[in-house]
Amino acid sequence: MKYLLLFFIPSLSFAFTLNNSIGARYKKDKVSVRVASNTNCTTAGTTIDELEGFIQPAIKDFWNTVPTSRLILEDGGTYESSDNLFNTGELCLNAGCASAVPNVTDIVIACNTNATNFPGASSLLALTLPNVISGKDIKGSVVLINNTNGSFGALTKNQKIAVLSHEIGHAIGLGHSEKKEALMYYSVVPKRSALGQDDVDGVSYLYPVQGDIYGLGCFLNTIAIVNKNDDSDNEGGGPGPFWPTAFLGLILGLSLKKFKRST
Amino acid sequence: MKFGFIKLLLAFTVFMSLPLTHAADSLTQSLKNIGFHGGSLTEFVGATQVDANGKTETFHFNPMIGFSTEVEMVTDWHLIPEFNWVLPRDAGDGISKNLFMIRGDVGWRYSDYWRLRMGTSIMVNNIRGSGGTKSMNNGSGSSDFYIPAESKTAYNNTLDLGVEALLDDFGFRFQTYIYSPLRSDRRQYSYSLTMSYYYDMEKK
């Protein structure tokens, strides 16, 4: 028995966190990631085309790889906008102040020169805030690349993709992790090839999949598992495992019956 | 949550009972043994980063225990319902993870010492946190971040393939669990290494 108890000893590790106290997340399954069409990224050392090119790997190689999460991020291309506040507005991080950056739906990326967003001409590469929240439902988030200096442009391509993916992690509701292997670690690491376990846990916590069948999702759209703590968790979550599993059992049963007759 | 587990249990019953109705003339004649399992599960091989230099997961010790039974369908073919529990993992900061595996395999004993297994699992993956805040580096100072305060559960079906070496009452098994096998962008592989003791119902 004493050996069994050893398994329960804490691992002295750090875990994922959220960027808001209410556990807000997108209610829908599919969220677009787009780049503001009028953004100017000259000082940051990048371009709209380059940022658009980073969206696909930033979502495909990271957040979209988690089978225990229902969230599917999509490359939405360009977000048509003529509002210069994407480039210059303050993204207010503190409660009580009004954000000047326009409200958006889903996730929009822009480059921003407002020094208040990036204090001390700083080492901050980017800043993100879910800025449209209704109850526990995130409606929209803005990702701002630091356009006050060339820090972002000095990164390698893979590091830029990792930075964008990290910011998308904030946009969907995650906070930082203290594990260096996690994408949500606060700093750039020498090589980023995949999500860390903390990231997987975090996105699975915020967006738990409800009865995914071999990746086909809701091809039998019937009963969803009800979480009494929060009914809204079942939004778009596909079927519960009852009917698909019963269906598989039926197929297996009929196959065995046929197999048995033939032997 | 409770309602969900009841449905899961019901689904598992349906899943296992349909084949069982065709398995043999009587359950008592076909019930071969009860197995007790202990081992380790490695999740999402090659798909999670484990250090700052890009190295990805190959093996992780996540202790698991379980039990199973076997029903003979025809000679050398068995239906193997199984339940496994990956012991609670403390992810830190008051967050704990629990994974339950409700499984069903068809096993083919193709030689005295080897058995191939194929089946499916319902993976019940629960993450819960105790709430609170944690001050962490935000790149230019520090900010408060929030520790999860709820319990959330993800349910997945996996396609499972395994091979087992059998020696007297013991078995040594390598089993893979394929998440989203029909969807390449989300397909992930977990595997377990287990040692089993089989209590033979016929012999004893």
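Every read-out reported here was derived from the displayed coordinates using simple, explicitly stated rules and does not represent laboratory data. No experiment lies behind these values; they were computed from the predicted model shown. Here Cβ is always computed from backbone atoms with ideal geometry, including for glycine, and neighbour counts include all displayed protein chains.
What the table below lists for this structure:
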| read-out | value |
| --- | --- |
| At most 13 other Cβ within 10 Å, DSSP loop - chymotrypsin sites (Phe, Trp or Tyr not before Pro), the stretch B:30-94 | B:59, B:61 |
| For residue A:106, residues with placed amide H under 5 Å, excluding near neighbours | A:140, A:141 |
| The stretch B:66-204 shape via C-alpha gyration tensor axes, a/c threshold 1.5 | prolate |
| Exposure proxy order (Cβ contacts within 10 Å, fewest to most) of B:152, A:180 | A:180, B:152 |
| Positive-pole candidate from B:147, B:88, B:174, dipole of the stretch B:59-180, charges at beta carbon | B:147 |
| Sum of side-chain charges, residue A:178 neighbourhood, beta-carbon under 13 Å (Lys, Arg +1; Asp, Glu -1) | -1 |
